[in-house]
1. Taking a quarter of the surface of the Cα convex hull of the protein assembly as shown, what do you get in nm²?
2. Starting at the first residue of the stretch A:165-181, write each ³J(HN,Hα) from the Karplus equation 6.51 cos²θ - 1.76 cosθ + 1.60 with θ = phi - 60°, in whole Hz, x for Gly and Pro.
3. For B:Asp254 and B:Ala357, what is the calculated FRET efficiency with R₀ set at 25 Å and r taken between the beta-carbons, to the nearest 0.05?
4. Taking H as built 1.01 Å from N, whose amide H comes closer than 5 Å to the amide H of B:Tyr382, not counting residues under 5 places away?
5. Calculate the mean, over all residues of peptide A:178-186, of how many other protein chain Cβ atoms lie within 10 angstrom of the residue's Cβ.
6. Gaussian network model of chain B, Cα springs within a sub-10 Å range: biggest mean-square fluctuation belongs to which of B:Leu34, B:Leu338, B:Leu309?
7. Take the alpha carbon atoms of the stretch C:19-90, find their center, do the same for the stretch A:230-286, and report the distance between the two centers in whole angstrom.
8. Give me the extension gain from B:Lys307 to B:Thr235: residue separation times 0.36 nm, minus the current Cα-Cα distance, reported in nm with one decimal.
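What follows draws every value from the coordinates through simple rules; no lab data is involved. The model shown is predicted, which means the values in this text are computed figures rather than measured ones. When we count neighbours, we look across all protein chains shown, and the Cβ atoms used for this are built from the backbone with ideal geometry, even at glycine.
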Amino acid sequence: MLVGEIKTIKELYGLDLIAPGHRACAGCGALIAVRQILMASKRPLIVVSATSCLEVTSTPYPQTMWKTPWVHLLFENAATAASGIEAALKVLSRKYNRQEHYIIAFGGDGGTFDIGIQALSGALERGHRFIYVCYDNEAYMNTGIQRSGATPLGAATTTSPVGTKIVGKTQQKKDLMEIVVAHRIPYAATASPSHWKDLVNKVRKAQSYDGPSFIHVIAPCTRGWYFDTSETIKVARLAVETRYWPLYEVENGRYRITHPVPNPKPLEEFLKVQRRLSHLLLPENAEILESLKAYVNERWERLQKLSACFA
Amino acid sequence: MSTSEAIAYAVKQANVDVIAAYPITPQTIIVERLSEYVHNGELDAEYIAVESEHSAMSACVAASLTGARVFTSTASQGLALMHEVLYLASSLRCPIVMAIANRALSAPINIHCDHSDMMGSRDAGWVQIFAENGQQAYDRIFQAFKLAEDEDILLPVGVNIDGFFLSHAVEGIATISDSEAATFLPPRKAKYYLDYSMPMTFGAFALPDWYFEIKHQVVEAMDRVPKKLAEIEETYYKMTGRKYDHVGVYKTEDAEVCLVCAGSSAATAKFAITRLREKGIKAGLLSIRLFRPFPVESILLHVKDVKALIVMDRAMSPGAPSAPIAQDIKATLYDAGLNIPVANFVYGLGGRDISAAEFESIIMKIVESLKAGRPIEKGVMYWGLRA
Amino acid sequence: MASVKTTTLPGGIINRPGSTIDYKTGTWRVKRPVVNLDKCIGCLICWIYCPEPAIIKRDDGKIDFDYDYCKGCGICSLECPTKAIRIVEE
């Protein structure tokens, strides 16, 4: 069992809580993130999943990839399921000496940003002790790449195609972290599997709090973002290095950028490696590109200011 | 006390572990009382004040999978919002008990009684019990937990009380003592539950090769309910002297016309039948107390010799040849080879009251048809609807 | 109708943790990673980024592949800091 900060990969070796043989696509970003999170997690642990690629690919009956107790109910209620388990184990430990567990709930961006946001808000407000992890592949991948509230501006999905009149998604990505932070929970953070050390230690920090915590992790999708299966981590890293995916945490209301990017790569570097976004580099889409850049820059500047407030 | 208060008191005595609920008229009093019990330390339970009924049932299912004893209560739109989660409760074999204060469904919005809410979820794999009065509701709560948590059953149970007519009706309730409750209903002992010491997967993804078998478990468990409930009732009867069976029966032995209904209307219908009997009309009453599974055998015991059945439904099934209870009654008769005419009335939607005099008129209408040799009207008749 | 006996646990519970190992996803692979042990420094960076996991640490600290499960995505090859892993056709 790990204690304190995780500094080397070797400390995590042997702590896997998932088995191979799952049916996720080759190079699945979500599975990498989930693997890293679970290795870092304290035990005993119960895992909850929303309906998602993760749920479908991990439990093809009568097989399961999970080595933890695991439960899936529906698409929109992973946070509520976690609430029910947490409350039940609390009272059962009080009345019948049952062991309390750490609880991690996983939802995709569809299950979190959109259909599950009410359940998430309720669970955060009630203060149950659990981590909610949104693994964000920025579209409904399980049903075949439809746009979600997490899809970035201009991105091509099967319900926001690049048409002759309308180019990709016409709205900016919803700022889920800010919605979560508004609940004034003890801990919320963004993360990327490319920056594994940052991610695993955020899991440990989240579990040190007696209350709800939230981790928003980027999960590049080779099928939906259209990049080679070998490039999942490369794409995730580019998201961080272009400031598209800022790595930061909000601990008891205090903002901190956990991975400063003093010399960001141009956003184009991130866009050009994915066919869902590379059309934004065409001259006729310059306006959309500018809008997306403005969104990324404004968010980064805001985060910097907020971090400076609490420095 | 009111039926709602009686239910809350029974739930407290059942020593539940988790209550997850959302307020909705007319069930709110139940969860208000339970909140008071928890906040005053009279009941050691976690009350999860969820943000919707969808979450109420979701939290109940998850809590139940940890091995906890779980209760919730809802009505109308709340039950409708729970709809997709109801199927998980049964298919994941969660012995949740839920009180349903039956109320009409929007639109138009209406807070009063009918059975549309429960009828809309009748195929969700829940055992459904109708109470006719507060005493039955109180007693059924204990029986419901005992039945639900039995390893041979493991199904969720709904205890239905007519909104307002029962939920807010005050009557004297004979209670059992806390020690009697504890003996009848010891803490739940789940065989499979979420725990790191035995990491199991609940709610997996099943394809056509396994889905059917897993789903069919609910049917197999349902089949075992009538016998199991009878055994549980026998134990409860020995303790309390009270027993309700799967159907309520009144003067059916020599009845020529038998009226079938569910819920609080049974008492009104009984009063009407008593008056008709005084006039020499051979009418009887069958009250559906166990609705799912449908008590086919118990019903057949009492209807073989009647000349006509009158089925009173407090819910519509638009476009269907019969309203819900009549559909089941007709299937029951057909399978038994009985060609008994069934007059089907839909009545009392949105809380519209029905009087004993109206029940008398309904029965007399059928009695006169029989006497005159006129055929019983087929299809659904809507009683009390403005012309 | 008589009830059919089924062999499933209540509610379709799976009580064999990690049982996806029954299914060899290695059959999906069209390209395979091959490690040059002379170059491998045992940093386990490939392992931390493997989605399966299908990389094992050998007794000498260097890595090996579990070809029963490796889907051949190639992340390990791209991320290896010493370029010790190359991808070859199956």
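1. 38.6
2. So the Karplus estimates, Gly and Pro as x, are 9, 10, 9, x, 6, 9, 10, 6, 5, 5, 8, 5, 4, 5, 5, 5, 4 Hz.
3. Given R0 = 25 Å and the Cβ-Cβ separation, E is 0.60.
4. B:Val346
5. So the per-residue partner count for this stretch is 0.
6. Checking each option, the largest mean-square fluctuation is seen for B:Leu338.
7. First find each Cα centre; the distance between them is then 27 Å.
8. Taking 0.36 nm per residue and subtracting the Cα distance, the gain is 22.3 nm.
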